[in-house]
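*Asks:* After the structure tokens below, expect a handful of questions from me.
The values are calculated or read from the model by the stated rules, or taken from the named source; none is laboratory data. Keep in mind that what you see is a predicted model, and the values were worked out from it rather than measured. Cβ atoms come from the backbone with ideal geometry, glycine included; neighbour counts cover every protein chain shown.
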Amino acid sequence: MMSAIKIGSLDVVIDVYSKKDTIRGLGICGYGLVKGDVKGVNVCGLGGVVGGDVKGVNVGGFGSEVKGDVKGVNVYGLAGVVGGDVKGVNAGLGSYVKGDVNGVNAGLGGVVEGDVNGVNAGGLGGVVGGDVNGISAGAINIILNELYGFQFGIVNYTKDGTFLQVGALNFKGSGPWYKRFSPIVRTNKKNSVGKKE
């Protein structure tokens with residue numbers, strides 16, 4: 001049973017299972033598949049897959065997969081995957097972002113392959129493959145490149161940067177071996193050019 005209404009250039013789709021090329025407006029479904037972009041609000045009870053970008057709000061009850069970029073809010077219950085960048089908020093229990101996060105990435109745990117400019121928060125922990133310019137918080141924090149900001153957790157690791165780490169075990173991946181570990185509080189100021197633009 002599908003109810004679809006067109007109001008000007010906006011779509012209003014209400015269905016148990018929705019399979020649309022693009023949603024421009026409002027989509028509500030039990031499970032949804034959008035082959036193209038979401039421009040507006042898409043809410044799916046069980047979860048949904050968006051083949052393109054999200055510009056607005058995308059909500060998936062159990063899970064959400066956005067193959068493109070998210071510009072706005074992407075919220076899900078258990079797991080979420082973003083194939084591109086996030087500009088806004090990405091939140092749920094577990095997340096994977098292939099690109100960069102400019103804003104907030106939050107959950108129980110997660111992986112960001114690119115850079116984070118803003119906040120990366122994971123209850124149990126998180127891994128960032130690029131740089132963090134801002135705050136990284138969680139029980140176990142791993143930043144594989146550089147940190148310019150703050151890192152809070154039980155175990156913290158970053159390769160280099162200009163930062164403050166607060167945690168039981170703080171590690172830095174560069175420098176002489178005897179300067180790579182510090183309990184409780186660690187500060188570091190990178191000696192070279194400094195913050196990446």
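*Asks:* Take the conditions farther than 28 Å from Val128 by Cα, among the charged types (D, E, K, R) and surrounded by fewer than 22 Cβ atoms within 10 Å (Cβ to Cβ) and apply them to Lys39. Does it pass?
*Replies:* Yes, satisfied.
*Asks:* Quick one: how many residues across the range 93-107 are in a strand (DSSP E or B), farther than 15 Å from Asp131 by Cβ, among the hydrophobic types (A, V, I, L, M, F, W, C) and out of contact with any Ser or Thr (no Cβ under 9 Å at 6 or more places or on another chain)?
*Replies:* Total meeting the criteria: 1.
*Asks:* Next question, about the same structure. Looking at Val49, Val112, which is the one that is aliphatic (A, V, I, L, M), outside the structural domain of Phe152 (by TED's automatic domain parsing) and closer than 20 Å to Leu147 by Cα?
*Replies:* Result: Val112 is the single residue among Val49, Val112 that is aliphatic (A, V, I, L, M), outside the structural domain of Phe152 (by TED's automatic domain parsing) and closer than 20 Å to Leu147 by Cα.
*Asks:* From the list Val132, Val127, Val101, Val119, pick out the single residue that is buried (at least 23 other Cβ atoms within 10 Å of the Cβ), within 24 Å of Gly60 (Cβ to Cβ) and of a type in the set (A, V, I, L, M, F, W, C).
*Replies:* Just one listed residue meets the conditions, Val101.
*Asks:* Do we find that Val70 is outside the structural domain of Gly138 (by TED's automatic domain parsing), under 22 Å from Ile143 (Cβ atoms) and surrounded by 18 or more Cβ atoms within 10 Å (Cβ to Cβ) in this structure?
*Replies:* Criteria met by Val70.
*Asks:* Which condition number does Arg186 fail, the rest of (1) part of a strand (DSSP E or B); (2) surrounded by fewer than 17 Cβ atoms within 10 Å (Cβ to Cβ); (3) among the charged types (D, E, K, R) being met?
*Replies:* Exception for Arg186: condition (2).
*Asks:* Residues Leu124, Leu147: which one is assigned to a strand (DSSP E or B) and modelled with pLDDT of 95 or more?
*Replies:* The unique qualifying residue is Leu147.
*Asks:* Sticking with this one: Would you pick out the residues in the range 87-114 that are touching a Lys or Arg at 6+ places or on another chain (Cβ under 9 Å), without any contact (Cβ under 8 Å) to a residue 24 or more places away in the chain and charged (D, E, K, R)?
*Replies:* Lys87, Glu113, listed by residue number.
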